Amino acid sequence: MLVTTLLLAAVGFAMLVIALTTGSVVWAWGSIAACIVGAVLLLVSALADKKGTPVDKSGDSNNSAGSRHRDT
């Protein structure tokens, strides 16, 4: 998710540069939207990491290699 967040930040910055050079408000709002989506993804990733649940595409959170849960 960090790579996606960095990509969205780069896209948002590029859209901001385009908005400033062309004077178009549509590009500026697109830049804001891209940055908000990136910030939400970063927040979700940070909260999932703090909670201890791994965020991956496989959906299997019970594997012993990547799990941070302790047996109690």
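Tabulated data
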item: Net lengthening on full extension, K50/A10 (0.36 nm per residue, minus Cα-Cα); result: 11.8 nm
item: Pair-distance profile P(r), taking every C-alpha pair of segment 1-50, with 10 angstrom steps and integer %; result: 31, 43, 20, 6, 0
item: Full-extension gain in nm, T22 to L2, via 0.36 nm per residue minus C-alpha separation; result: 4.2 nm
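Only the coordinates and a few stated rules stand behind these numbers; no lab work does. Quantities reported herein were computed from a predicted structural model and do not represent experimental measurements.
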